[in-house]
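Peer 1: The structure is given below, and queries will be raised subsequently.
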Amino acid sequence: MKKWWKAPALHMLALGALLFGLNELVGGGLSHKKRIEIPAHRLEAMRQDFVVDTGRPPTEPEWQQMVDMQVDDEVLYQYALALGMHENSAVQARLAQIAEFVEANPHEATQAGKAHAAMELGLHEGDLVVRRILVDSAKRLIRGVVLLQKPKPDIVEQFYKAHAAEFTRPARIRISQVAVNGFVQPDSEERARRLLERIRAEKLDFGAALALADETPAPVHLPLQTEQSLQSELGSDFAAAVMTLEPGSWSEPIPSDYGHHLVWVHEYEEPRVLPLASVYGQVEQALLQKLADDWLRLRLRELRAEFEVAVPGQTS
């Protein structure tokens with residue numbers, strides 16, 4: 001706990017100042033300690049899924065993390081049941097569907113009645129859909145306590161300063177390009193090199209140089225673009241190379257998804273941290289999302305203490 005409280009982000013977020021009285025808002029949870037057990041077959045299925053996905057068994061730290069996630073989900077599931085979340089419409093519809101499938105109380109006509117029959121038979125316990133709905137509902141309830149808060153402007157400003165990189169507009173570049181179509185010209189790099197030599201030797205003006213281009217789907221003129229937007233237009237190799245160019249001259253041939261290009265840079269804008277006023281809403285939401293995640297972790301720790309958890313192969 002000491003390490004948790006010393007985290008700079010939590011100092012900056014002023015968790016206590018913002019989340020005043022969260023324990024009272026959420027409630028104390030379950031009234032008595034309940035024993036829950038993670039079934040061995042569920043753990044084995046989790047292990048097998050990991051092996052199928054990665055081609056190897058999990059390491060000890062990976063396995064412990066996976067088990068912890070299972071325990072967290074089970075705790076949230078039990079918490080949701082204790083709060084009566086199984087009565088929401090999505091769960092009721094799913095339970096009624098299960099009841100129909102197994103013909104639990106076939107004389108019951110209403111959805112609520114079918115759902116009740118499924119609960120009475122314990123059919124909810126093994127259904128992954130019901131479990132996922134309830135676990136997600138519990139998470140939303142816990143996180144929602146934070147997300148409904150209105151953080152103070154000074155806390156938002158501190159968060160903005162500490163996470164400036166997240167609110168920085170990346171570098172942008174405006175270019176024109178002479179393309180050599182690689183689908184038509186197998187030696188597109190060599191041809192692009194010859195075009196560059198001609199442009200330099202004949203001192204062709206900008207318009208005359210552009211007239212030498214082949215027809216390709218790539219636009220001749222591109223307005224201010226980030227590296228990411230250039231990647232979507234012409235590929236990652238092209239984007240990475242172009243972002244290193246200096247304005248005011250033709251580049252060496254640069255490969256793309258279409259062939260090779262001679263690129264002229266008109267202007268380059270350095271990355272720029274956006275003013276707080278222009279991104280205030282985004283900063284506020286990012287702060288609340290971060291804080292909601294922190295609160296969910298803390299609340300889960302509290303809830304786990306309210307259960308006696310049994311994991312096969314581990315001591316309680």
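The values are calculated or read from the model by the stated rules, or taken from the named source; none is laboratory data. Bear in mind that the values here come from a model prediction, so they are computed numbers and not experimental data. Every residue, glycine as well, gets a Cβ built from its backbone with ideal geometry; the counts of neighbours run over all protein chains shown. Remember, those area values only see protein heavy atoms, side chains included, never the ligands or the DNA or RNA. Shrake-Rupley method; radii C 1.70, N 1.55, O 1.52, S 1.80 Å.
Peer 1: Take T54, T216 and sort them by solvent-accessible surface of the protein heavy atoms, 1.4 Å probe, largest at the top. Could you put the intermediate results ahead of the total?
Peer 2: Details: T54 65, T216 25 Å².
From most exposed to least exposed: T54, T216.
Peer 1: Oh, and also: Along each of the three principal axes of the Cα atoms of the stretch 130-231, give the extent in whole Å, ordering the values from largest to smallest.
Peer 2: If we take the Cα atoms of the stretch 130-231, the spans are 69, 41, 18 Å.
Peer 1: Could you pull out the chymotrypsin sites (Phe, Trp or Tyr not before Pro) across the stretch 159-261 that fall in loop regions by DSSP (anything but H, G, I, E, B) with no more than 12 other Cβ atoms inside 10 Å?
Peer 2: Those satisfying the criteria are F183.
Peer 1: OK, next. If you add up the charges near V180, with Lys and Arg at +1 and Asp and Glu at -1, over every other residue whose beta carbon is less than 12 angstrom from its beta carbon, what do you get?
Peer 2: Taking every Cβ under 12 Å from that of V180, the sum is -2.
Peer 1: Which one of H260, Y280, L296 has its Cα pushed farthest toward the positive end of the charge dipole of the stretch 248-303, where Lys and Arg give +1 and Asp and Glu give -1 at the Cβ?
Peer 2: Of H260, Y280, L296, it is L296.
Peer 1: Sticking with this one: Which entries in K114/K150; K33/K152; K34/K150; K114/K139; K34/K114; K33/K161 show an alpha-carbon gap greater than 32 Å? Mind showing how you got there, number by number?
Peer 2: Values: K114/K150 42 Å; K33/K152 37 Å; K34/K150 35 Å; K114/K139 27 Å; K34/K114 28 Å; K33/K161 43 Å.
From the list (K114/K150; K33/K152; K34/K150; K114/K139; K34/K114; K33/K161), the Cα-Cα distance tops 32 Å for K114/K150; K33/K152; K34/K150; K33/K161.
Peer 1: In addition: How large is ³J(HN,Hα) for each residue in the stretch 268-277, as worked out from phi by the Karplus curve 6.51 cos²θ - 1.76 cosθ + 1.60 (θ = phi - 60°), to whole Hz, x for Gly and Pro?
Peer 2: Each residue's phi maps through the Karplus curve to give 9, 10, 5, x, 9, 5, 6, x, 4, 4 Hz.
Peer 1: Right, here's the next one. Students sometimes get this wrong: rank M69, M243 by accessible area, probe 1.4 Å, all chains present, largest first. Intermediate results must be reported in sequence, preceding the final value.
Peer 2: Numbers: M69 120, M243 30 Å².
These residues rank, largest area first, as M69, M243.
Peer 1: Hey, got the dipole for the stretch 135-286? About the Cα centre, +1 on K and R Cβ, -1 on D and E Cβ, debye to the nearest 20?
Peer 2: Details: 16 positive and 22 negative charges, 152 e Å.
Charge dipole, the stretch 135-286, about its Cα centre: 720 debye, nearest 20.
Peer 1: If amide H atoms are built 1.01 Å from N in the plane of the peptide, which residues on other chains or at least 5 residues away come under 5 Å of the amide H of T168?
Peer 2: Those qualifying (amide H under 5 Å, at least 5 residues apart or on another chain) are L274.
Peer 1: Also: Using the beta-carbon distance between K34 and A162 and R0 = 35 Å, what value does 1/(1 + (r/R0)^6) give for FRET efficiency, to the nearest 0.05?
Peer 2: On the way: r = 40 Å, r/R0 = 1.14.
Calculated value: 0.30.
Peer 1: Rounded, prolate or oblate: which one fits the stretch 189-275, using the alpha carbon gyration tensor with axes a ≥ b ≥ c (rounded when a/c is under 1.5, else prolate when a/b beats b/c, else oblate)?
Peer 2: It comes out prolate by the Cα gyration axes.
Peer 1: Over the stretch 30-81, average the accessible area per residue using a 1.4 Å probe and give it in Å², no decimals. Intermediate results must be reported in sequence, preceding the final value.
Peer 2: Working: 3080 Å² over 52 residues.
With all protein chains present, the stretch 30-81 gives 59 Å² per residue.
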